[in-house]
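The structure under discussion appears below in the form of structure tokens.
The values are calculated or read from the model by the stated rules, or taken from the named source; none is laboratory data. Every value quoted in this text rests on a predicted model; they were computed, and no experiment measured them. Every residue, glycine among them, receives a Cβ derived from its backbone with ideal geometry; neighbour counts consider all protein chains shown. Please note that ligands, DNA and RNA were not included when accessible areas were found on the heavy atoms of the full protein model with its side chains. Shrake-Rupley method; radii C 1.70, N 1.55, O 1.52, S 1.80 Å.
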Amino acid sequence: MTFTPTPLEAEGAAGGEATGDPASASPPRSGRRLVRTFLNDRVAVACSAYILIVVLMALTAPLLVTLSGHGPLEFDQAAVDSNLGGLPLGWGGGIGADHWFGVEPGNGRDIFARIVYGARVSMTIALLATALTSVLGVVFGLIAGYFGGRVDMVVSRVMEFLMAFPALIFMIAVLSALPAENRQALLVVVISFFGWPYLARIVRGQTMSLKQREFVESAKASGASSAQIIFKEILPNLSSTIIVMTTLAVPGYVGTEAGLSFLGVGVVPPTPSWGQMIASSVPWYAVDPAYFLFPGAFLFLLVLSFTVLGDRIKKIAESGEGRA
Amino acid sequence: MIRFLANRLLGMAVVLFLVCLFTYVIFFVLSPDPAVQICGKNCDPEAIDRIRANLGLDQPFWTQFWTFLSGLFAGRTYGTGANAIECAAPCLGYSFQTSQPVTDMILQRLPVSATVAVGAAVLWLLAGVSAGLVSAVKEGKFADRFITGLTLTGMSVPNYVLALLLQFLLVVTLGWLPFPQAVPFGEDPGRWFLNFLMPWIVLSIGAAAVYTRLTRANVIETLQENYVRTARAKGLSPGLVWRRHALRPALTPIVTIFGMDFAGLLGGALITETVFGLNGVGKLASDSITKNDQPVIMGVTLLAAFLVVVGNMVVDLLYTAIDPRVRVGSAT
């Protein structure tokens, strides 16, 4: 189920993280060693490479489309067979030198161009949602954990409330009720609104234990303000947790955006998005499988890469940093 | 225990009240005027006013909200005089499109959603827990690595992509399964089973992956506990150590998330039901979205929230029964 909290994230929250492999020879401590451990991991490198390709694709979309010769909104009636209800001409949904990934049945729009532009939408929304969620999660988690008492109670209740919500149905309800203009910004806000408690809960827990440590006491004794203690003393100690949780959150947001677009409440046509492309391929899957295979494969690989990468980073962070 | 229960019930009521308020605000304040929508095109202002008065939309917000809330518990009456319509106890209003009571529409669809949810839950529990156990026993060996790789794949594949792929492979190319069609269980149980097989698989795969990882992590963790070592040292047979000392604490967290996941599914597996064309609550919701049928979307949202909140509470109660440690610290 594509849903805001990724499974791995929920797992981290549920306390199933105790499998840090104690046998891994020497825990990498310095930054350079971390990078080296990472580079030796072929799977992690492959995943990063794929993510990099998608990001580059998104950034250079106009250029790529000029190279391939078809824009994402350009109809090509010559590429489809109007006698067969608009089925693409040629093998594999019209794959060829002209249309690299074939064309959409019906109106003959170039699938390559739509994939490339769809990458833009997916990455922008997922990354912005991740950024917003992280800021909200870290700030509320720090505040709740550091101040405790009534502040903590209010924040915790709000988090419980949001997590008890049927988020997917509610996101759909909100998105369908609100006006369609500027859907992408709305998507980011709605996804983040339901996403931040999962990070905040963990940040809160760690802040509560860090607060008891000597270096915080000494900072307090030397007259540092609450803001100074929170941002200068506690926040740096949370960086590895935040990095791990954030990486684990990205695939969830990619999936959620695609799922919402699939259901017709996400990105509005004609702007292409992968989820929306898959949705429009549903009536055609039996006769033109390439139409759903391309966006499906791109989407699956992107989510998989982020998931595997998050998993690897988590392992490295756990074995390296321990509980310092 | 009674105080704990009362506290939980109160918390549940508060969450449900807030869910109601939240949904109500979004649907009846932010979205376009329902009266205009019901009236359709070529509609004079008087007709709109009449519909407004009938639905009570001319009242102030809190009055409207109160009518809606009391309708949920005691029923309400639409309109006045001769053309008054009675809407019985859990009244969620009437669909803007079909004019059917929303409560009936949801109740009609609930059996299908329940079938989908129960089947998927059985599948993912069996697959997830057993794969997790195998993985934990063979920690670090090939089987473990293979299963771990599989779980990452299972968690990443979006269920609509999997649904389309399965339909294409199993139905179109190989012809192993019939095209999904609604056949009642009484008519042809075999056919019924084959129809639901794909939705069950699609719906359970992601959860099965998560449960595998969770089971694996928990079992490995418990096996390192001191009391397991003690049990081994005092010479208990490995089978007994597993059953009495390792499995029970390892599987407790599974109960927690299972309750919540299952409750979430009962409210409708939106994407799966839509892709397979199953007439469940989820399909009802996604159809209503395209038609902008607000009372129905709202009804489904409330039902889903209700199920999740109740599921949470049942899990909490079960948890205190299974895990004695919680009972002590549950005074909050």
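Would you be able to tell me the number of residues in segment A:270-290 that are open to solvent by 10 Å² or more (accessible area, probe 1.4 Å) and more than 24 Å from A:Thr130 (Cα to Cα)?
Here the count works out to 11.
Does segment A:98-110 contain any residue that is surrounded by fewer than 24 Cβ atoms within 10 Å (Cβ to Cβ) and part of a helix (DSSP H, G or I)?
Checked segment A:98-110: no residue is surrounded by fewer than 24 Cβ atoms within 10 Å (Cβ to Cβ) and part of a helix (DSSP H, G or I).
With respect to A:Ile234, is the statement that it is open to solvent by 10 Å² or more (accessible area, probe 1.4 Å) and of a type in the set (A, V, I, L, M) true?
Working: open to solvent by 10 Å² or more (accessible area, probe 1.4 Å): no; of a type in the set (A, V, I, L, M): yes.
So A:Ile234 does not fit the description; no.
Need at least 3 residues that are over 23 Å from A:Pro269 (Cβ atoms) and open to solvent by less than 50 Å² (accessible area, probe 1.4 Å) per element, so show me which helices (runs of 4 or more DSSP H) inside segment A:31-74 make the cut, counting only ones lying wholly within it.
On the way: elements: A:31-40, A:42-59, A:61-68.
In segment A:31-74, the matching helices (runs of 4 or more DSSP H) lie at A:42-59.
Would you mind telling me which numbered condition in (1) among the β-branched types (Val, Ile, Thr); (2) modelled with pLDDT of 80 or more; (3) under 30 Å from A:Asn182 (Cα atoms) A:Thr241 fails?
(3)
Do we find that A:Ser239 is open to solvent by 50 Å² or more (accessible area, probe 1.4 Å), among the hydroxyl-bearing types (Ser, Thr, Tyr) and under 24 Å from A:Thr130 (Cα atoms) in this structure? Before the answer, list the steps.
Working: open to solvent by 50 Å² or more (accessible area, probe 1.4 Å): yes; among the hydroxyl-bearing types (Ser, Thr, Tyr): yes; under 24 Å from A:Thr130 (Cα atoms): yes.
Taking the combined requirement at face value, the residue satisfies it.
So which helices (runs of 4 or more DSSP H) stay within segment A:215-324 end to end and still have 1 or more residues that are away from chain B (no Cβ under 14 Å) and more than 18 Å from the chain's Cα centre (by Cα)?
Details: elements: A:239-262, A:274-281, A:290-321.
Passing ranges, in order: A:239-262, A:290-321.
For segment B:151-162, indicate whether the set of residues that are assigned to a loop (DSSP other than H, G, I, E, B), within 14 Å of chain A (Cβ to nearest Cβ) and open to solvent by 70 Å² or more (accessible area, probe 1.4 Å) is non-empty.
Residues of segment B:151-162 assigned to a loop (DSSP other than H, G, I, E, B): B:157-158.
Within this subset, residues satisfying the condition of being within 14 Å of chain A (Cβ to nearest Cβ) are B:157-158.
Retained after the next criterion (residues that are open to solvent by 70 Å² or more (accessible area, probe 1.4 Å)): none.
No, that holds for no residue.
Might you let me know whether segment B:198-213 holds any residue that is on the phi < 0 side of the Ramachandran plot and surrounded by fewer than 16 Cβ atoms within 10 Å (Cβ to Cβ)? Let's see the steps before the verdict.
Start the filter on segment B:198-213 by keeping residues that are on the phi < 0 side of the Ramachandran plot, which leaves B:198-213.
Restricting the remaining residues to those that are surrounded by fewer than 16 Cβ atoms within 10 Å (Cβ to Cβ) gives none.
No, that holds for no residue.
Step by step: first the residues of segment B:218-230, then only those that are without any contact (Cβ under 8 Å) to a residue 24 or more places away in the chain and assigned to a helix (DSSP H, G or I), then the one that is farthest from the other protein chains (Cβ to nearest Cβ). Which residue is that?
B:Thr230
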